[in-house]
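Colleague: Sending over a structure as structure tokens; questions will come in a sec.
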Amino acid sequence: MAHGARIFIGGTNHDLAIRRCKTGHGYAVHDGRNGRRVGNVFRERALAEKYRDELAGKAEIQTRDCMACKKPFNSTGIGHRRCNKCKKSESDWP
């Protein structure tokens, strides 16, 4: 996929786009619905594109409540139960 990917989330089509991070040190996939980053930051654009293509093929992306902070976030699947903020503070997680 050259530019973007269309995915189906909760009855609506959304675009996934690759954007360069504000710091200029990586690339991330963003949800066209709300502009939020989906997943991690990748050092290489090709890795971000591969991740975007994997997400586009899953169609499992849905809003879930984080198991740690209970706030809603875009989950990429059944194994993705903590938001990125809580993942980073893994030392606080039992």
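The values are calculated or read from the model by the stated rules, or taken from the named source; none is laboratory data. For clarity, every value in this text was computed on a predicted model and none was experimentally measured. All Cβ positions, even for glycine, are placed from backbone atoms using ideal geometry, and neighbour counts span all protein chains on display.
Colleague: Residue 18 - would you say it is modelled with pLDDT under 75 and hydrophobic (A, V, I, L, M, F, W, C)?
Modeller: no
Colleague: Output the residues belonging to segment 28-59 that are in a loop (DSSP other than H, G, I, E, B) and either closer than 11 Å to residue 76 by Cα or among the aliphatic types (A, V, I, L, M) (or both).
Modeller: The one that is in a loop (DSSP other than H, G, I, E, B) and either closer than 11 Å to residue 76 by Cα or among the aliphatic types (A, V, I, L, M) (or both): 59.
Colleague: So, one more: Give me a count of the residues in segment 30-83 that are touching a strand residue (DSSP E or B) at 6+ places or on another chain (Cβ under 7 Å), under 16 Å from residue 19 (Cβ atoms) and free of Cβ contacts under 8 Å to residues at least 12 places away in the same chain.
Modeller: 0
This table checks each residue for (1) at pLDDT 85 or above; (2) surrounded by 13 or more Cβ atoms within 10 Å (Cβ to Cβ); (3) under 11 Å from the mean Cα position of the chain (by Cα).
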position: 24; (1), (2), (3): no, no, no
position: 31; (1), (2), (3): no, yes, yes
position: 46; (1), (2), (3): yes, no, no
position: 55; (1), (2), (3): no, yes, yes
position: 65; (1), (2), (3): yes, yes, no
position: 78; (1), (2), (3): no, no, no
position: 83; (1), (2), (3): yes, yes, yes
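Colleague: Test each condition in (1) at pLDDT below 80; (2) touching a strand residue (DSSP E or B) at 6+ places or on another chain (Cβ under 8 Å); (3) not in a loop (DSSP other than H, G, I, E, B) for residue 91 and report the one that comes out false.
Modeller: Failed condition: (2).
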